[in-house]
Each structure stands twice: as C-alpha cells, then as structure tokens.
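Data block below; observations after.
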Amino acid sequence: MFIRRLPAFEYHAPASVGEALALMAKFRDTARYVAGGTDLLIAMKRREAVPEHLINLKGVAELQGITSDNFGVRIGALTTLAEIERSEIISKQYVPLKDAVDVMASIQVRNLATIGGNLCSAIPSADTAPPLIALNASVKLVGPQGERTVPVEEFFIGPKRSVRQTQEIMTEIEIPKPDPASSGCYLKLMRRHAMDLALVGVAACLTLDSDRKLCTQARVGLGAVAPTPIRAPEVEAHLVNKAIDETVVTEAAQISGTQCRPISDLRASLEYRCSMVEVLMARALKEAARRITG
C-alpha cells in the first residue's frame, strides 16, 4: 500500500501524567496519545488515523522503568521492548515475557516500541499479551475519573479495541512475584524467522509442587487465534494436580485446539492455526516444565 507523508498536526510534550490528561481533556476527539509511535505514525501515513493533536508521553518520567518490590515487578507503560529484553529480573523471573520480546520486530523497532503501546494497539497478535495473561499481569489506567486496575485477560474486547477509554493513560503493567517452583514459556509461529506478526502465539506458566512432580497451578494465554488475545482455562484445569508427562501434555494440547476461534486469511487458514496451537502448546508445556526441573 502506498504510504504518504504524515498529515499536519500540532505537537504537545507534557512532562507529567496530569499535564497529559489536561491536554487530552482540552482537545478530546481531535487528539491522540503517542509513545513509541511504531503503530500510530504508520496509521497516520495511511490516513487510517488523522489526529489534529499528538500528545507525546515520552517525556513523562513516571511512565518509564522497571522496578521490583515485595509484590513483584512493575513495568512503566513507556518502557521499551529493548529495555525489557535487557532486564535481568525479567529474564530470570518472568521468562515468557522475555521470550516474547526476543522475537518481536527488529532491533530498531524494539528500541522505540513500548510495552504499553503494544497492549493498547489491541491487535489479536500482540506478542506481549499472551505471556502477560499467563503471568497473571494487570494494567493500571489513569483518567479523569481516577485510577483503575484491569487484568490483562480482561483488557481486550475486540480487534484493536480495549477497555481503555480515549482519555485514559496506561501507566504501568503489574506482574505478581512468581512461585520459586514456577516458570513458563512463550512460543510464536511466524512465516519468517524474524520481523513478522504471529500466526499463532502460545504462552504457558506452570507451578509444580515441592517435589517438582505435580502441577499445582497453570495459566495459559493464546494470541492470534481469536478476535482478542485469550486465556485458556480448560487447558489449565486439565493440567492441575497431574504430572506433566507425555500423556497429559498431549491431552492438554488437544484441548487447546478447541479453545481457538481464529479466522482464515492470506497468512494462514483456520484449520492450520488450530493445528499449530496444539503443536506449540505441547512444546511450551514441556519447556516450562523443563525450566523448573532442569
């Protein structure tokens, strides 16, 4: 598709969340927040979005950085994918999220794109969504009516649609501290080996008992197989109180294929996506278990 130059707009650079909210309240439907801009600026060049005002959040320091505390980890919505990729705490304790950013876009894009922007774009194939669902993460939203926290699994309501209101700003992503006997995995199927959207994305997090034999808790997130990223509770229920052996993994993988509601498009058929969910689910469960016991 032919991409034109950016349309004319007025640029604003607030230094705080309060200032950004005031600007949005002033300009309302004619304004858009921008962070990394890797999605919005392309949409503007294609004239899919033509805001008269851009409110750049990059100068708002309180929206950036990764901090850990007794709760777990808090990731500022403006934290770039590259920062997450380099984070020691993410790579050690929140492995599925590290898996996801490792296979997202290019190095140049990861240096610009933010985790908040990836979630707020609300595309079904958003790579950070399945691992965050599996990690039981929530997002914090701040708007004119105050602050609220929404589980990631409830954040999406349709393709490119979320519960975030136009004037609200996503300030951070909160992930609770994982159990020492837990780990997870995110696997992404792409037509190319890099810089491609997910045909299927599967994230699985497991917690084993003290003997590292039985699964005591499981969470599964799927991407690109429904109108939104989704959780797969039937798969989770099948895994609890069982050893993660070949039989249980195969059965759980088969169940995961029934949880999908994908479409057929130029990139893949419905049947292929459902089949590959089963393949990736089996691999993700085995790898999650290996990371705990190994």
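The values are calculated or read from the model by the stated rules, or taken from the named source; none is laboratory data. Since this is a predicted model, take the numbers as computed values, not measurements. FYI the Cβ positions are ideal-geometry reconstructions off the backbone, even for glycines, and counts take in every protein chain you see.
Points worth noting:
- Listed conditions (1) at positive phi; (2) in a helix (DSSP H, G or I) are all met by Asn241, apart from (2).
- Whichever residue in region 172-230 is basic (Lys, Arg) and assigned to a strand (DSSP E or B) and, among such residues, is nearest to Glu246 (Cα to Cα): Arg219
- Number of the exception - Asn70 against (1) part of a loop (DSSP other than H, G, I, E, B); (2) closer than 30 Å to Arg273 by Cα: (2)
- The set of residues in region 263-287 that are outside any helix (DSSP H, G or I), farther than 14 Å from Ala226 by Cβ and among the hydroxyl-bearing types (Ser, Thr, Tyr) contains only Ser269.
- Checked against (1) of a type outside the set (Val, Ile, Thr); (2) free of Cβ contacts under 8 Å to residues at least 40 places away in the same chain; (3) more than 25 Å from Gly72 (Cα to Cα); (4) in contact with a helix residue (DSSP H, G or I) (Cβ under 8 Å, 6 or more places away or on another chain), Ala218 passes all but condition (3).
- Residue match in region 43-50 (condition: assigned to a loop (DSSP other than H, G, I, E, B), free of Cβ contacts under 8 Å to residues at least 60 places away in the same chain and closer than 17 Å to Ile169 by Cβ): no
- Selection within region 69-101: residues that are in contact (Cβ under 8 Å) with a residue 40 or more places away in the chain and of a type in the set (Gly, Ala, Ser). The member of this set that is surrounded by the fewest Cβ atoms within 10 Å (Cβ to Cβ) is Gly72.
- Annotation: of all residues in region 102-128 being of a type in the set (A, V, I, L, M) and over 20 Å from Arg191 (Cα atoms), the one that is surrounded by the fewest Cβ atoms within 10 Å (Cβ to Cβ) is Leu112.
- Region 262-294, subset of a type in the set (Lys, Arg) and touching a strand residue (DSSP E or B) at 6+ places or on another chain (Cβ under 8 Å), residue modelled with the lowest pLDDT: Arg273
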